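Down below is the structure, laid out as structure tokens.
The values are calculated or read from the model by the stated rules, or taken from the named source; none is laboratory data. Fair warning: this is a prediction, and the values are worked out from it, not measured in the lab. Virtual Cβ from ideal backbone geometry, glycine too; neighbours counted across all protein chains shown.
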Amino acid sequence: MSVKKIGVLGAGSMGGGIAHLAAVSGIEVVLCDVEERYVDGALKRMAGFLDKSVEKQKMTVEEKEAALNRITKTTKMEDMAELPLIIEAIFEDLEVKKDAFRKLDELCKPETIIASNTSSMSITTLGAVTARPDRVVGMHFFYPPVLMRLVEVIRGYYTSDETVNLVADVSKAMGKTPVIVKKDTPGFIVNRIMMPQFLEAIRIAEEGIASIEDIDTAVKLGLNYPMGPFELMDFSGVEIALHVADYFVQEYHDPKWVPPQLIKNLVRSGRLGRKTGAGWYDYNK
């Protein structure tokens, strides 16, 4: 079964990026958010990115216009009711996501697959609030979706093979490499590996062992990572790292996941990374 049209719920940096990716891959998209200004903002970001691609001769003006025309704007979930696949990409809060899944379950056709772009939360829990847990799945893109090559496809307890296979095929149609997470566990693969590195890097800085700059340099040159842990947190959002750590504490009941005070204070100060102009680093200088 090929999917020619999808819905994306949430037009923020991730949802807008997923819509962008689908559109340039030839898939039509219904992009939904609570206010039209959020959808307009996503389209503006997409147009700017595509303009640069045209300037670099990576695509033609006609291809750019065709991609933009594949996106339909809406503020009504009802406009996605007939689609075969909807990808939820709203705020990383489990109760907010559960509410969205309940609404989508009521509105959509019984055969519609509802996927979540959550980076760490339980797919089984989201499936349990619907009448279609076999058609609920994780589809975790990485930021920015247009550039990052991986998609984690996560099974909930009842997710069917058919659902997993279809979402993996859609990922491939978007030019991504899917990996299958066989068991629904907090953090899946990448965040399960990455979060201990984030937390330990913060502890090293908090203990005064090395500066943030030197920790990033050590990781980049010693482990050959493209970005250090503090640079990466600033890039993806410092509050997201804190939110994932708090979720791990709640799920695993293990003190090793407790976030250091340093990151708590940073988030409380409003320094959330590049998007606010400052995080671990100050980008206003």
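Taking residues in segment 5-24 that are under 10 Å from TYR38 (Cα atoms), and partners anywhere that are modelled with pLDDT under 95 and of a type in the set (S, T, N, Q), not one pair has Cβ atoms closer than 7 Å while being at least 6 places apart or on different chains. Apart from one condition, LEU50 fits all of (1) under 30 Å from PHE101 (Cβ atoms); (2) buried (at least 16 other Cβ atoms within 10 Å of the Cβ); the exception is (1).
Regarding THR118, is this residue within 18 Å of GLY17 (Cα to Cα), modelled with pLDDT of 95 or more and part of a loop (DSSP other than H, G, I, E, B)? Yes; evaluated as a whole, the condition is true for this residue. If the condition is being without any contact (Cβ under 8 Å) to a residue 24 or more places away in the chain and under 20 Å from TYR143 (Cα atoms), then segment 233-277 contributes THR276, GLY277. In this structure, does PHE101 turn out to be touching a residue at least 60 places away in the same chain (Cβ under 8 Å), in contact with a Leu (Cβ under 9 Å, 6 or more places away or on another chain) and buried (at least 21 other Cβ atoms within 10 Å of the Cβ)? For PHE101, the condition - touching a residue at least 60 places away in the same chain (Cβ under 8 Å), in contact with a Leu (Cβ under 9 Å, 6 or more places away or on another chain) and buried (at least 21 other Cβ atoms within 10 Å of the Cβ) - is not met. Considering only residues that are aliphatic (A, V, I, L, M) and buried (at least 18 other Cβ atoms within 10 Å of the Cβ), which ones fall in segment 114-145? Once the filter is applied, which keeps residues that are aliphatic (A, V, I, L, M) and buried (at least 18 other Cβ atoms within 10 Å of the Cβ), segment 114-145 yields ILE114, ALA115, MET121, ILE123, LEU126, VAL136, VAL137, MET139. One residue stands out among those in segment 265-274 that are surrounded by 15 or more Cβ atoms within 10 Å (Cβ to Cβ) and of a type in the set (D, E, K, R): the one that is farthest from THR217 (Cα to Cα), which is ARG271. Condition check for GLU206 on (1) in contact (Cβ under 8 Å) with a residue 24 or more places away in the chain; (2) crowded, with 16+ Cβ neighbours inside 10 Å: one failure, at (2).
Might you let me know whether segment 58-70 holds any residue that is in contact (Cβ under 8 Å) with a residue 40 or more places away in the chain, assigned to a loop (DSSP other than H, G, I, E, B) and assigned by TED's automatic domain parsing to the domain that holds THR112?
Looking for residues that are in contact (Cβ under 8 Å) with a residue 40 or more places away in the chain, assigned to a loop (DSSP other than H, G, I, E, B) and assigned by TED's automatic domain parsing to the domain that holds THR112, one finds at least one in segment 58-70, hence yes.
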